[in-house]
Amino acid sequence: TGERMWESEVSSIDTALLIAGALVSGQYFAGTDVETLAAQLYENVEWDWMRSLGDLPRMGWKPESGFLSASWDHFDESMILYALAIGSPTHPISARAWRSWDRPVNRDGEYVYLPGEPLFVYQYPLAFLNLRGMEDHYVNYWNNSTRACERNRQFSIDHSAEYATYQNGVWGLSASDGPFGYSAYGAANGNHDGTIAPYAAAACLPFTPEISLEGMRALLTEYGTNAWREYGFVSAINEDENWYSRDHIGIDQGDILLMIANAQDGFVWNLFMANPNIQ
């Protein structure tokens, strides 16, 4: 119905993901009402209003209190928001905003990262943005995501003696449900408890196809119907706590489906990147 749930905010990143999906649909159904409506949705979004003050969009807005205090001011999934906001034909933000968010570099100087290392932040933007062969002044984001997938798998291997879930080739640490509720799990010490989110390895398919397939097959081999139910992979499992989710979460399934399509033939990338505003 569109009715508000709990006291949730109007989310700028979820708005961006919605618009990205709409534009893909519009490109696919070019010349139809779908294309027209998708363009209207995009044109109606007031990205410049989301900034509140300065160049950086806020994370959300509530009718009771206005803008949330937090802004998209560091490396995370917000690259897709920035691409859409800067490219907007009607309510753009300044291109200088791209330079305004922090890109912390790991002490070894090998990659830009988000502390806590949840894998989804490397995947969501690049489910739509095909940045292969592109880089800005700071980083090659394709290579950065590839390394994140490799690090995530290696982290599970390195901690497999501590957690049974990480054994026998199973990997994938990212934000998900867990035995004690939702957590933004990641490949960082102090930010994991043996919970594996199947979507995390699966959505690395375009970047690391071999180890992604190995991880998916390992999940099926080791956990069978505890990891795979009516709609595919469940949201998460934790062998150490004897906990296996029975839920399928839409945003996880979306990450899997979009990345499978991209790994096969670049389907989502080709449609999204063909949009003249994105170009």
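The values are calculated or read from the model by the stated rules, or taken from the named source; none is laboratory data. No experiment lies behind these values; they were computed from the predicted model shown. Heads up, the Cβs are rebuilt from the backbone with ideal geometry, glycines too, and the neighbour counts pull from every protein chain shown. For the accessible areas, the whole protein counts, side chains as well, though only heavy atoms, and no ligand, DNA or RNA atoms are used. Shrake-Rupley method; radii C 1.70, N 1.55, O 1.52, S 1.80 Å.
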Exercise for the section: Kindly indicate whether any position in region 12-26 is acidic (Asp, Glu), touching a Pro at 6+ places or on another chain (Cβ under 7 Å) and open to solvent by 40 Å² or more (accessible area, probe 1.4 Å). Expected result: no
Exercise for the section: Evaluate the following for Val139: is it of a type in the set (A, V, I, L, M, F, W, C) and either part of a helix (DSSP H, G or I) or in contact with a helix residue (DSSP H, G or I) (Cβ under 7 Å, 6 or more places away or on another chain) (or both)? Expected result: no
Practice task
Name, by its number, the condition in (1) within 30 Å of Leu271 (Cβ to Cβ); (2) at pLDDT below 95; (3) among the β-branched types (Val, Ile, Thr) that does not hold for Val105.
Solution key: (1)
Exercise for the section: Take Ala261 and decide whether it is among the aliphatic types (A, V, I, L, M) and in contact (Cβ under 8 Å) with a residue 24 or more places away in the chain. Expected result: no
Completion exercise
Those residues of region 234-247 which are in contact with a Gly (Cβ under 7 Å, 6 or more places away or on another chain) and closer than 23 Å to Ala127 by Cβ amount to Ala236
Fill in the blank from the handout: Among residues of region 133-165 being buried (at least 20 other Cβ atoms within 10 Å of the Cβ) and touching a strand residue (DSSP E or B) at 6+ places or on another chain (Cβ under 6 Å), the residue farthest from Tyr28 (Cα to Cα) is Thr165
Handout entry: Matching option when the condition is more than 20 Å from Pro89 (Cβ to Cβ), free of Cβ contacts under 8 Å to residues at least 24 places away in the same chain and either open to solvent by 40 Å² or more (accessible area, probe 1.4 Å) or among the aromatic types (Phe, Trp, Tyr) (or both), among Thr36, Thr1
Key = Thr1
Problem - Unique residue being without any contact (Cβ under 8 Å) to a residue 12 or more places away in the chain and open to solvent by 10 Å² or more (accessible area, probe 1.4 Å) when the list is Asn168, Asn189, Asn130 - result: Asn189
Practice task
Check region 52-72 and report whether any residue there is over 26 Å from Leu114 (Cβ atoms), touching a residue at least 12 places away in the same chain (Cβ under 8 Å), more than 19 Å from the chain's Cα centre (by Cα) and open to solvent by 50 Å² or more (accessible area, probe 1.4 Å).
Solution key: yes
